[in-house]
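The values are calculated or read from the model by the stated rules, or taken from the named source; none is laboratory data. Predicted, not measured: the structure shown is a model, and the values here were computed from it. Neighbour counts run over all protein chains shown; Cβ positions are idealised from the backbone, glycine included.
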Amino acid sequence: MTQPTKKLRKKRQKTDAQRIEGGKKCLMSRRAFLLTSGTATATVMVAMNAGDAEAQVPAQIATYPRKKIAKLSELENDVPIDFVYPDEGAYAEGMLVKMGVEGGGGIGPDKDVVAFNYFCTHQGGPLMGSYKGDTKSLGACPLHLSTYDLTRHGILISGQAYQSLPQVLLELDGDDIYAVGVFGLIFGRYDNLQG
Ligand code: FES
């Protein structure tokens with residue numbers, strides 16, 4: 001699998017940082033989150049100019065699947081639930097947790113339910129089992145100790161990584177929680193939907 005170059009990863013990180021720049025609380029609107037995180041598998045017709053003539057040509061865009069991953073009523077504070085998203089491919093494992101405090105991108109009555117991919121953005125260290133309820137963080141990574149703040153879109157608290165942990169975008173439909181997108185590039189992928 002082709003790994004993104006360091007330069008490309010840095011550029012994407014910068015773009016992500018620009019999107020989530022701001023304060024400590026929920027840093028972007030839900031609409032902005034959807035607009036920046038969605039890709040789509042659908043064929044659309046786009047206009048192309050060829051000389052004086054304008055032609056309609058098909059173009060492929062991709063979209064994230066909508067996958068039910070938990071029930072709100074079954075969540076307990078600071079007890080993570082594991083899931084796999086956006087596919088069954090490499091590095092798709094993630095966790096959902098009700099933190100008990102509001103988080104950026106959080107859903108539910110208290111906006112405290114968030115979800116993240118489990119793989120450290122530095123070199124892919126596995127973060128399973130590393131959630132800390134007292135600090136609402138994931139880590140330290142077993143490889144080089146990176147730790148991520150889940151209340152602030154997975155931004156790095158400390159360690160070797162320079163990119164936030166990919167956040168899984170959630171939607172609440174009644175009592176059902178759906179994963180509907182990923183914000184940030186999953187480790188080991190050049191495209192989140194090409195796992
Ligand atoms: S792989 Fe996680 S800090 Fe290096």
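For the reader, a short list of remarks on this structure follows.
The rows are residues; the columns are (1) in contact (Cβ under 8 Å) with a residue 40 or more places away in the chain; (2) more than 18 Å from residue 81 (Cβ to Cβ).
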site: 96; (1), (2): yes, no
site: 104; (1), (2): yes, yes
site: 108; (1), (2): yes, no
site: 111; (1), (2): yes, no
site: 118; (1), (2): no, no
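- Restricting segment 142-162 to residues that are outside any strand (DSSP E or B) and either under 17 Å from residue 82 (Cα atoms) or of a type in the set (Ser, Thr, Tyr) (or both), the residue that is farthest from the ligand (Cβ to nearest atom): 151
- Taken as a whole, the structure leaves residue 121 outside the set of residues that are among the hydroxyl-bearing types (Ser, Thr, Tyr) and surrounded by fewer than 21 Cβ atoms within 10 Å (Cβ to Cβ).
- Condition check for residue 134: surrounded by fewer than 17 Cβ atoms within 10 Å (Cβ to Cβ), over 15 Å from the mean Cα position of the chain (by Cα), away from the ligand (no atom under 16 Å from the Cβ) and free of Cβ contacts under 8 Å to residues at least 60 places away in the same chain: yes
- All of (1) in contact with a Gly (Cβ under 9 Å, 6 or more places away or on another chain); (2) assigned to a strand (DSSP E or B) hold for residue 178 with one exception: (1).
- So residue 123, is it at pLDDT 95 or above, polar (S, T, N, Q), more than 9 Å from the ligand (Cβ to nearest atom) and within 22 Å of residue 86 (Cβ to Cβ): no
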